[in-house]
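One structure below.
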Amino acid sequence: MDKNEFLRQQYVTLRDEIKATKQRAFLIVLLGLIAVPIVAFVAQTHELDYVAPMVPFLVLVLTVAYFVEQNALMRCGQFIRSSIEPQIMDAPGWETWLESKPDLRTMDKYFGGCFMIVFFVFYFLSVALAINTLWVTSYTRALAGGLTYAIGAVWMVFTLMHHWKSCTTTTD
């Protein structure tokens, strides 16, 4: 296989990976928007005291899963821009063109921000429901749960701050 064929195969493979990653990210968002309220509702209405305290962790896992997919998407784009496109001399590549126009990446940032706002609202509402459920069974459990959920929220904020740029741009 010659260099040009290898580059073409890499490009095609990475574009397929980007397509699959975008589909998975969309499914994670959809799952979160549907599953979290349903699980919380069922836990409350059927008094499933063991389910409500787990809902905040479901939100954290879905949030991390979304950012894993978003980061993978941008990593593929960064590889295309930095390793494949420079070897194609006669035309600018998609990723290079896209990054040369920062306003075209604005929607990615808005969507990521909207996702985080919605999921933090879900997180804090589910924490309130969980602590209420724990409070009924034991003050100590409610206190331990509150501390655990606070650690989860702080961890998520630091994770978001650390990975925000890598999830919204392919530039270094």
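Just in segment 32-135: which chymotrypsin sites (Phe, Trp or Tyr not before Pro) are loop by DSSP and have at most 14 other Cβ atoms within 10 Å?
Values: sites: PHE41, TYR50, PHE57, TYR66, PHE67, PHE79, TRP94, TRP97, TYR110, PHE111, PHE115, PHE119, PHE120, PHE122, TYR123, PHE124, TRP135; in loops: TYR50.
In loop regions of segment 32-135 (DSSP not H, G, I, E or B), the sparsely surrounded chymotrypsin sites (Phe, Trp or Tyr not before Pro) are TYR50.
For the chain, the longest principal axis of the Cα atoms and the long axis of helix 55-79 meet at an angle of about 10 degrees. For segment 81-88, backbone phi angles converted through the Karplus equation (6.51, -1.76, 1.60; θ = phi - 60°) give residue-by-residue couplings of 5, 8, 10, 9, 4, x, 8, 9 Hz, Gly and Pro being listed as x. With N as its number of residues, the chain has a Cα radius of gyration that, divided by 2.2 N^0.38 Å, comes to 1.32.
Just to compare against my own numbers: the Cα pair-distance distribution for segment 33-88, 10 Å bins, whole % per bin, please. All Cα pairs, binned at 10 Å, distribute as 21, 30, 18, 15, 11, 5, 0 percent.
Exposure proxy shown here: for LEU62, LEU125, the number of other Cβ atoms within 10 Å sets the order, fewest to most, as LEU125, LEU62. Listed by chain and number, the lysines placed with their C-alpha closer than 26 angstrom to that of LYS165 are LYS19, LYS22, LYS101, LYS109; residues fewer than eight positions away on the same chain are left out. With K and R counted +1 and D and E -1, the other residues having a Cβ less than 9 Å from that of ARG81 yield a net charge of -3.
Of the two radii for segment 71-172, the radius of gyration is 1.24 times the Kirkwood radius, both from the alpha carbons; that is the Rg over Rh value.
Ranking of MET89, MET74, MET161, MET116 by neighbouring Cβ atoms within 10 Å, starting from the fewest: MET89, MET161, MET116, MET74. Across segment 157-165, computed HN-Hα scalar couplings (Karplus, 6.51 cos²θ - 1.76 cosθ + 1.60, θ = phi - 60°) run 4, 5, 4, 4, 4, 5, 9, 4, 5 Hz from first to last residue, x flagging Gly and Pro.
Bear in mind that the values in this text are calculations on the coordinates, not laboratory data. These numbers come from a predicted model, not from an experiment. Glycine gets a Cβ as well: all are built from the backbone with ideal geometry, and neighbour counts include every protein chain shown.
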